[in-house]
Amino acid sequence: MSVKLSNMCIIQHNLKKCSSALREWLQKLRAGNKKMFILTSSMEDFAQSSLQFILGDEWHHYFDLYITLAKKPSFFNTDRNFMKLDESGNTVPTAELCEGGVYLNGNSKVLMQHLAKFTGKDNPKVLFFGDSLRSDIFPAKEFANWDTVLVLEEIDAYLSSSTNSDGSSSTNSDGNFIGQLDKKMKSAADCNSNMLRSCHWGSIFTDVPLVQEPKINSAVNHNLCAQSPTLWLYMIQKYATIAVPRLDCFIDFPMDYEFKKFDALLDMYGFYPNSPEELEY
């Protein structure tokens, strides 16, 4: 089996095609003069096959820069050179990044220098989307000071059902709009909820510790205590700007919508379309 055929078998089994609405949203971002780039640790051929499957044959029209084999998280705290393929297919160092180009390796400092040139701004703002706290969200915020959007499917399974009588959310008090989006997200999440809420590994958001109360006969009686935040919840609130269950969550928001960010520990406003139900306290 060829490498490309093997890639496609993996891709078709594990990935989903983008909806036309999500593709239109990406096009609106570019039309709004936003510079778009792909930053992935995947090999170039696998990443390209994935994007082709997800976005279609014209996938490269959605992005201004394409960086593969980035070796995240070290992309954000090393001075590794950017590489490109020469005419013979060999990788060679390059100090120049061109819009529309395909590159390997690199580092965030040099990328920011070229984004400044592309945008004409001395210190351009970056909003980075990722699904890994370790490789995407933490290093992008800690070392590059980028704003970050965590894409976390567990939000779907634990989506809060607490909406007001008018349909609005009690956590993100943005009126009926959020309430209706909340219901839409919950409906779409039903198929994965049972797996993501499995009692075998518990919630990513809270722990329920056990208290041991010795009795006279030395037996141990286990009682449930109040829920406590997990390390993962702490990391989400500290390093993510906002968190969503999937990218198409943004489709229904106006392009000029101002999202409330995580700005303090135990502040749940950064979850969209609503906070996980077990965090409603």
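Each residue of region 30-35 was assigned a 3J(HN,Hα) from its phi angle through the Karplus curve 6.51 cos²θ - 1.76 cosθ + 1.60 (θ = phi - 60°); the sequence is 5, 5, x, 6, 8, 8 Hz, with glycine and proline shown as x.
Amide H contacts of GLN227: none lie under 5 Å away among residues 5 or more positions distant or on a separate chain (H built 1.01 Å from N in the peptide plane; Pro and chain starts excluded). Residues whose amide H falls under 5 Å from that of THR206, counting only those 5 or more places apart or on a different chain, are THR230, with hydrogens built in the peptide plane. Quick one: pull the percent of accessible area on region 38-91 belonging to carbon and sulfur, 1.4 Å probe, ligands and nucleic acids left out. Heavy-atom surface of region 38-91 belonging to carbon and sulfur, 1.4 Å probe: 48 percent. Scaled against 2.2 N^0.38 Å for its residue count N, the alpha carbon radius of gyration of region 1-158 is 1.06. Legend: residues GLU277, GLU87, GLU58, GLU154, sorted from most to least accessible area (1.4 Å probe; ligands, DNA and RNA excluded), read GLU87, GLU58, GLU277, GLU154. Remark: region 47-103 carries 51 Å² of accessible area per residue (probe radius 1.4 Å; ligands, DNA and RNA excluded).
The values are calculated or read from the model by the stated rules, or taken from the named source; none is laboratory data. All figures in this text were calculated on a predicted structure; none of them were measured in a lab. Surface areas here come from the heavy atoms of the whole protein model, side chains and all, with no ligands, DNA or RNA. Shrake-Rupley method; radii C 1.70, N 1.55, O 1.52, S 1.80 Å.
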